[in-house]
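Enquirer: Please see the structure below; I have some questions.
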Amino acid sequence: MRRSLKTIFAAGIFSALLSVSAFAAGWKQTGDVWHYIDDEGNALKGWHNIKEENGDKTYWYYFDPDTGDMATGWREIKEANSDARHYYFFDEVNGAMWVDMVTPDGNYVNADGVWIEEGKPEENASTAETGSQSETSEEQTKAETETVGNDSEGASVDSVQRSEEAYAERLLELLNERRRAEGLPDFKTDEKLAEGARIRAEELTRSYSSLRPDGNKSKYAIDGWENYSALVEIKDRASSPEETAADWAVEGSSEELILSDSFVQGGKTFSFTDIGIGCKEKDGELFFAVFLNGHSD
């Protein structure tokens with residue numbers, strides 16, 4: 001079930017449905033590998049900036065110059081017309097290049113996607129030669145791309161904590177993307193809810209239950225919980241934020257809460273506006289705890 005959900009969600013991330021007509025441009029999956037096919041039926045190679053089918057956002061991708069395979073994870077890439085080589089990190093699920101963010105293994109990539117420290121990232125990197133570049137200024141366009149993320153092992157306590165924060169931020173981004181698609185306002189992070197969610201995420205690694213390990217309700221993890229009008233907790237355990245978002249996209253699950261414009265509790269109508277997301281990694285699995293709070297209309 002998890003695998004099928006992930007496949008469905010990955011297709012949504014790529015924003016491209018495969019057509020049965022010949023030479024239809026778009027994403028194509030062969031086994032575990034993705035390619036992007038142009039209008040002439042050829043797989044793209046090298047660097048390409050690709051726009052969403054149903055939006056204005058663009059993302060940088062790198063395709064193997066020989067096979068056209070979409071790059072994922074760390075890649076050491078030789079720049080065109082130069083002997084310079086740089087490390088880049090590409091999302092493990094959708095292949096989009098990360099920018100201006102700490103990667104899950106604790107390395108920083110700048111606004112151009114370049115890992116700027118000396119040496120080699122701790123995660124094994126593949127080496128590739130660059131293909132042709134877009135005529136548009138690479139530096140300018142890369143700076144406009146948005147951050148995407150996925151999962152990997154942290155190398156230290158500090159890097160693990162930063163990774164867990166990145167996973168939480170990524171999940172918030174995915175949930176807000178779904179809400180925008182339905183014409184709903186973005187969730188706004190509430191720091192007290194977020195701190196309570198981080199406590200709950202750690203507790204879920206020890207006892208995956210709607211109750212805390214001491215048997216109390218989950219809301220007691222929030223400092224000042226009594227000041228919140230309508231609290232709801234949702235949780236999940238998965239391998240990535242993308243998988244959790246896919247799990248919650250299934251009708252009859254937490255989708256009703258995530259895409260709810262309003263709900264009734266105690267005879268009052270509330271609108272979800274505030275959110276707090278916590279993430280804790282244990283044995284390669286991610287535990288997410290999310291608190292939602294509603295304000296009465």
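The values are calculated or read from the model by the stated rules, or taken from the named source; none is laboratory data. Remember, predicted model here, so these are calculated numbers, not experimental data. Every residue, glycine as well, gets a Cβ built from its backbone with ideal geometry; the counts of neighbours run over all protein chains shown. Keep in mind that these areas ignore ligands, DNA and RNA; they rest on the heavy atoms of the full protein, side chains included. Shrake-Rupley method; radii C 1.70, N 1.55, O 1.52, S 1.80 Å.
Enquirer: How much length is gained on full extension from residue 210 to residue 283, taking 0.36 nm per residue of separation minus their Cα-Cα distance? Spell out each step's value before the answer.
Expert: Values: separation 73, 0.36 × 73 = 26.28 nm, distance 2.11 nm.
Separation in residues times 0.36 nm, less the Cα-Cα distance, equals 24.2 nm.
Enquirer: From the square roots a ≥ b ≥ c of the eigenvalues of the alpha-carbon gyration tensor of the range 176-240, which class results: rounded (a/c under 1.5), prolate (a/b over b/c), or oblate?
Expert: On the way: a/c = 2.41, a/b = 1.40, b/c = 1.72.
Oblate, because a/c is 1.5 or more while a/b does not exceed b/c.
Enquirer: I've got another one for you. Which of the trypsin sites (Lys or Arg not before Pro) across the range 25-118 are loop residues per DSSP, with 15 or fewer other Cβ within 10 Å?
Expert: Answer in residue order: 57.
Enquirer: Taking the Cα centre of the range 172-244 as origin and charging only Cβ (+1 Lys, Arg; -1 Asp, Glu), how large is the dipole, in debye to the nearest 20?
Expert: Details: 13 positive and 16 negative charges, 44 e Å.
I would put it at about 220 debye.
Enquirer: Still on this structure: Tell me, what is the 1.4 Å probe accessible area of residue 86, in Å² to the nearest 10?
Expert: Approximately 60 Å² of residue 86 is accessible to the 1.4 Å probe.
Enquirer: While we're looking at this one, here's another question. Determine the alpha carbon to alpha carbon distance for each of 192/280; 217/280; 51/235; 45/280; 192/282 and list only those over 25 Å.
Expert: 51/235; 45/280
Enquirer: With an 8 Å Cα cut-off and a minimum separation of 6 or more residues, compute the relative contact order for the range 54-98 in percent.
Expert: Numbers: 63 pairs, mean separation 15.6, N = 45.
So the answer I get is 35 percent.
Enquirer: Right, another one. Order 231-244, 203-216 from most to least packed using the mean count of other Cβ atoms within 10 Å. Don't skip to the end; give the middle numbers.
Expert: Working: 231-244: 21.4, 203-216: 13.4.
Sorting 231-244, 203-216 by mean packing, highest first, produces 231-244, 203-216.
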